[in-house]
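See below for the structure under consideration.
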Amino acid sequence: MSDFEKLIKAITNIEEAIQQGAQNGLKQAGIRVMGTAKAKLGTYQPSVGEYPAWQTLKPQTVKRKYTTKKGNIKKSGKEYFKKYGSLQPSGTADDSPLVNTGHLRAAITTDESQITQGNIYIGVAKGKASKKGKKASAIATYGAAQEYGSAKRNIPPRPYLRPSVVENKEEIAEDIKNGIAEMMSNFGQGGF
């Protein structure tokens, strides 16, 4: 093999190491954003960048969370009532915004199917059922209605995915940089 061919091969290997490192970093960034999004559920969120702060839940929503279908107060509702004197919204994490069953939190995932094109998706996949057996398309519809709001269903926007990207912007860049640095370190040691 000529020196020129060796140079071309080395450059190709460097390009592949950089691409693989960027993909590894993007995977790590996706996991980071997914974790941040899941952590937002259950606590009112302040505004982040262009995304509004979450509105307080409506009284009927809080009441529905703490009563049975027959109208009896659940144990958790009794605790809430004891603390606040009513089943009206408190504006605190005790209202558990976006947490009724845990299906949405459990369904948030990453999709790495387009990682080679530099894309990773974080959200609720329509094609995957939740671990608790909830229909995936229903969870995805619910998640989208919360993220963007739904005038038809009288739901204000409570974005949890997009602000998670904004909040992690610097860490995402760091994840990608570290992924590339790790692969280049391995490359320099003959590991690639």
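Some points to look at:
- Candidate set: the stretch 33-49, residues that are exposed (fewer than 15 other Cβ atoms within 10 Å of the Cβ) and without any contact (Cβ under 8 Å) to a residue 60 or more places away in the chain; chosen: the one farthest from Pro97 (Cα to Cα): Gly35
- Close pairs from the stretch 2-15: first under 12 Å from Met184 (Cα atoms) and at pLDDT 80 or above, partner among the aromatic types (Phe, Trp, Tyr) and surrounded by 10 or more Cβ atoms within 10 Å (Cβ to Cβ), Cβ under 9 Å, at least 6 apart: Asn13/Phe187; Asn13/Phe192; Ile14/Phe187; Ile14/Phe192
- Restricting the stretch 162-177 to residues that are in contact (Cβ under 8 Å) with a residue 40 or more places away in the chain and over 17 Å from the mean Cα position of the chain (by Cα) leaves a set whose member that is surrounded by the most Cβ atoms within 10 Å (Cβ to Cβ) is Ile176.
- The residues of the stretch 51-80 that are surrounded by fewer than 17 Cβ atoms within 10 Å (Cβ to Cβ) and not in a helix (DSSP H, G or I), listed by number, are Pro52, Ala53, Gln55, Lys58, Thr67, Thr68, Lys69, Lys70, Gly71, Asn72, Ile73, Lys74.
- Top-ranked residue of the stretch 93-105 - restricted to ones that are surrounded by 14 or more Cβ atoms within 10 Å (Cβ to Cβ) and in contact (Cβ under 8 Å) with a residue 40 or more places away in the chain, ranked as nearest to Tyr44 (Cα to Cα): Pro97
- Hey, Ile18 within 17 Å of Asn178 (Cβ to Cβ), touching a residue at least 40 places away in the same chain (Cβ under 8 Å), surrounded by fewer than 19 Cβ atoms within 10 Å (Cβ to Cβ) and of a type in the set (A, V, I, L, M, F, W, C) or not: yes
- Here Thr43 does not fit the description of being among the polar types (S, T, N, Q), at pLDDT 95 or above, part of a helix (DSSP H, G or I) and within 18 Å of Pro159 (Cα to Cα).
The values are calculated or read from the model by the stated rules, or taken from the named source; none is laboratory data. The model shown is predicted, which means the values in this text are computed figures rather than measured ones. Don't worry about glycine lacking a Cβ; one is built from the backbone with ideal geometry, like all the others, and counts go over all protein chains shown.
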